[in-house]
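Values in this text are rule-based calculations from the coordinates and carry no lab data. Keep in mind it's a predicted model, so treat the numbers as computed, not measured. Ideal geometry is used to build each Cβ from the backbone, glycine not excepted, and the neighbour counts take in all protein chains shown.
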Amino acid sequence: MKFNTKTIHGGQKHDPAYGAVMPPIYQTSTYAQTTPGGHKGFEYSRTHNPTRKALEDSFASIENGKFGLAFGSGLAAIDAVIKLLKPGDEVVSTNDLYGGTYRLFTKIFEDFGIKFHFIGMENADKVEDYVNENTKLIWVETPTNPMMNIIDIKAIAAISKTHNILLAVDNTFATPYLQRPLDLGADIVMHSATKYLGGHSDVVMGALIVKDSTLAERLYFIQNASGAVCGPQDSFLVLRGIKTLHIRMQRHCENGEAIAKYLKNHPKIEKVYWPGFEDHPNHEIAKAQMDGFGGMISFVTKGSDYDSAIKIVENLKFFTLAESLGGVESLAGHPASMTHASIPKEEREKTGVVDSLIRLSVGIEDINDLIADLEQAIG
Ligand SMILES: *Cc1c(COP(=O)(O)O)cnc(C)c1O
């Protein structure tokens, strides 16, 4: 089955009760048993729910995995992955990382005796320097947020295989439409399904996808034992979102490219961060491991400071000033005062998150309206 068919049919069956084409929202916590243990595969909705199961099978299908798991948020999914580890274990992680992931690692799991090394992974060989006998997990996010750095998943998978370490990839920005980490050698794919998979800014959810049955069994155990599951209504919404993932992503990519090029040619723009440009430092890797460059773009205006960047994001009309990304509507953000405000100025400027940096999540509106909006806001 090709990807554009998988988004609609992958792992899906018509509902056995009445043939409903979409899985019903099984809004139930429990299931009648004829005799103790005599049930139809569902006992209690923390453990299993038919609507969630339909979604989990869709997750597995679109990422070319065998097993999918849905959680109450992206961070709940990451939390489950780190619970595979024990005190004394070490993790090598991307440094230009989603802020909430960094907070979970440093403010929760460091206290449980897990050690994290945050490093730039644009040169994959560097990862090997941080690997020792306690290293149990490599955590990769690519493209990174907000600097749009690209990390070579295949090269890092080779290192993880040599040392028998798990490799997890946060695939939120790319989505499986553009990048399939399990095919490139990763063991675990993670999503904030809140973003492109849901696609309509109306739900918070997380996903994990794996191929290995032993790893899946352990993750299902953690999912049930820790209990950070999502409800049936949210499962339905994300399943519906996935059905149009491919056509949304196609338009996100087209609009993203048009806006990246528009900004690059704009006399008032200093720098545009988008992996589709030939002068992007890891453009060749992006071209090899991705089927397109997506709708996430960051840029800096010439001679701009904190206040003028704030003015631009406030003046935008179709780009709503908001946290988050990946919905049908365009959003703009100012990382220094929003998503990355908790990181000290000196630290964030080292990775390029300067006061004048603006991040766009390009939506699927008419491109002429979006460019006109940028034109009036940048001036
Ligand atoms: C939003 C996001 C997360 C966290 O997901 P939530 O659904 O908000 O918990 C993790 N990684 C990336 C790249 C994200 O954009």
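Tell me whether region 343-364 contains one or more residues that are surrounded by fewer than 17 Cβ atoms within 10 Å (Cβ to Cβ) and in contact (Cβ under 8 Å) with a residue 40 or more places away in the chain. No, region 343-364 contains no residue that is surrounded by fewer than 17 Cβ atoms within 10 Å (Cβ to Cβ) and in contact (Cβ under 8 Å) with a residue 40 or more places away in the chain. Across region 166-174, a minimum of one residue is classified as closer than 16 Å to K211 by Cα and more than 12 Å from the ligand (Cβ to nearest atom).
Considering region 142-160, the residues that are part of a helix (DSSP H, G or I) and in contact with a strand residue (DSSP E or B) (Cβ under 8 Å, 6 or more places away or on another chain) include one that is nearest to the ligand (Cβ to nearest atom), namely I153.
Taking the criterion of being surrounded by 17 or more Cβ atoms within 10 Å (Cβ to Cβ) and either without any contact (Cβ under 8 Å) to a residue 24 or more places away in the chain or not charged (D, E, K, R) (or both), the residues of region 85-94 that qualify are L85, V91, V92, S93, T94. Give the residues of region 182-197 that are in a loop (DSSP other than H, G, I, E, B), touching a strand residue (DSSP E or B) at 6+ places or on another chain (Cβ under 9 Å) and within 14 Å of the ligand (Cβ to nearest atom), sorted by residue number. A193, T194, K195, L197, listed by residue number.
Please verify whether D202 is part of a loop (DSSP other than H, G, I, E, B) and within 16 Å of the ligand (Cβ to nearest atom), treating the condition exactly as stated. Against the criterion (part of a loop (DSSP other than H, G, I, E, B) and within 16 Å of the ligand (Cβ to nearest atom)), D202 qualifies.
Filtered by the rule that a residue be without any contact (Cβ under 8 Å) to a residue 60 or more places away in the chain and under 14 Å from S235 (Cβ atoms), region 30-49 gives F42, H48.
Here the condition is being farther than 24 Å from D96 by Cβ and either more than 16 Å from the ligand (Cβ to nearest atom) or assigned to a loop (DSSP other than H, G, I, E, B) (or both); of E365, E284, it holds for E365 alone. Residues in region 287-328 that are out of contact with any helix residue (DSSP H, G or I) (no Cβ under 7 Å at 6 or more places or on another chain), within 16 Å of the ligand (Cβ to nearest atom) and part of a loop (DSSP other than H, G, I, E, B): A322, E323, S324, L325, G326, G327. Condition first: under 19 Å from H163 (Cα atoms) and more than 16 Å from the ligand (Cβ to nearest atom). Now tell me which residues in region 88-114 satisfy that. Correct list: G88, D89, E90, V92, I114.
For region 48-90, filtering for residues that are in contact with a helix residue (DSSP H, G or I) (Cβ under 7 Å, 6 or more places away or on another chain) and at negative phi leaves 24. The condition of being among the charged types (D, E, K, R) and crowded, with 24+ Cβ neighbours inside 10 Å holds for only one of R180, R251, R240, that being R180. Here T175 passes the criteria (1) out of contact with any Phe, Trp or Tyr (no Cβ under 7 Å at 6 or more places or on another chain); (2) closer than 30 Å to D355 by Cα except the one numbered (1).
From the list E270, E278, E217, E257, the one residue that fits, being part of a loop (DSSP other than H, G, I, E, B), surrounded by fewer than 22 Cβ atoms within 10 Å (Cβ to Cβ) and acidic (D, E), is E278.
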